Amino acid sequence: MKFIKYETKKEFLEENLSELLNEEAKNEIMIGITLEHSEEKVNKWLMGRIEEGGSIKLIFLVDDDKEGLLVYSPEAVIQNKVIEFLIDNIISLNIKLREVLTSIQNSERIAEVYSKKTNTEMKKGEVVQIFKFDKFNEEHILKSGEKLEKIENEQELEKIENNVKEMYKDTYHGAYCSDEEANKVAKIFIKKGLYVLRNERNEIVSQAVTVRKQVNSTAIGGVITPERFRGNGYAKRCVYALCEKLLKDGYKFIVLHVNSKNQPAISVYKRIGFEQIDETRKIKFS
């Protein structure tokens, strides 16, 4: 087997982007973070691929923020010898992983090999489902007085911060989100592309964020309806309206990630037209 390490973002994309685009929806995190970050930053990452007999067995990167390993293989189940080869090379480069994220059938096997070879403990995260959307299944048009609006400035930052706190509570089972963290996340949402649904009283009743842009698609996340507005279908109409806009803007499809335990949200997305294409699990090391 051959271990190829790229020194620049340009080299990595030139040799691997076309392969990653074969399953763009599954690879949207790897593609998205590589495209959105500067050449200078990405060049600090470990970017590479493994070949055997001239065929690609694995494409991977380790970012410098989370020290997280992202992996893509054209094969649904990665061979054990390929996993061993990958981990041995990562260890030889003195890179200490903090987490690994890929399809559920591979993440646990990769984590077990790394954990055993480095004598570190591994902690499994929750299962997250990847959904892809390219056409509507049901119509959920906005009601009279409702409008989808992109937030371009920080005039309503406090309201968005409150939404972030509710999102943390829902996503992390009641976890506390500090004012500082909520402010930071809210500003990131606005920078990436924050869309809100307003009701007839101009109140923000739901929101969604375009979190990552790829080549043919974009991913949305940060979907939250404040607790006092729930039960009125606002999230459904907000996501529907945003998907409609994004398709009109030229995106061929839209991706989102949902915790597998969040069945109410999954039900909403499926009714709109999202279809599950994969399951992933993040595993952290300590």
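The values are calculated or read from the model by the stated rules, or taken from the named source; none is laboratory data. Values in this document were obtained by computation on a predicted structure and should not be read as measured data. Cβ: placed from backbone, ideal geometry, glycine included. Neighbour counts: every protein chain shown.
Miscellaneous remarks
- The sole residue among 52, 67, 108 that is touching a residue at least 24 places away in the same chain (Cβ under 8 Å) and at positive phi is 67.
- Counted residues, the range 41-77 - those being in a strand (DSSP E or B) and farther than 15 Å from residue 4 by Cβ: 3
- Residue among 135, 150, 116 that is part of a helix (DSSP H, G or I) and loosely packed, with under 13 Cβ neighbours inside 10 Å: 116
- Some residue of the range 7-20 being within 16 Å of residue 255 (Cα to Cα) and either assigned by TED's automatic domain parsing to the domain that holds residue 221 or not in a strand (DSSP E or B) (or both): yes
- Scanning the range 210-237 for residues that are in contact with a Gly (Cβ under 7 Å, 6 or more places away or on another chain) and in a loop (DSSP other than H, G, I, E, B) yields one hit, 214.
- All of (1) assigned to a strand (DSSP E or B); (2) over 16 Å from the mean Cα position of the chain (by Cα); (3) crowded, with 22+ Cβ neighbours inside 10 Å hold for residue 255 with one exception: (2).
- Checked against the criteria, residue 177 counts as surrounded by 16 or more Cβ atoms within 10 Å (Cβ to Cβ) and in a loop (DSSP other than H, G, I, E, B).
- Residue in the range 81-99 that is surrounded by 14 or more Cβ atoms within 10 Å (Cβ to Cβ) and under 23 Å from residue 252 (Cβ atoms) present: no
- Which numbered condition residue 129 misses (of (1) at pLDDT 95 or above; (2) of a type outside the set (A, V, I, L, M, F, W, C); (3) more than 30 Å from residue 250 (Cβ to Cβ); (4) outside the structural domain of residue 13 (by TED's automatic domain parsing)): (3)
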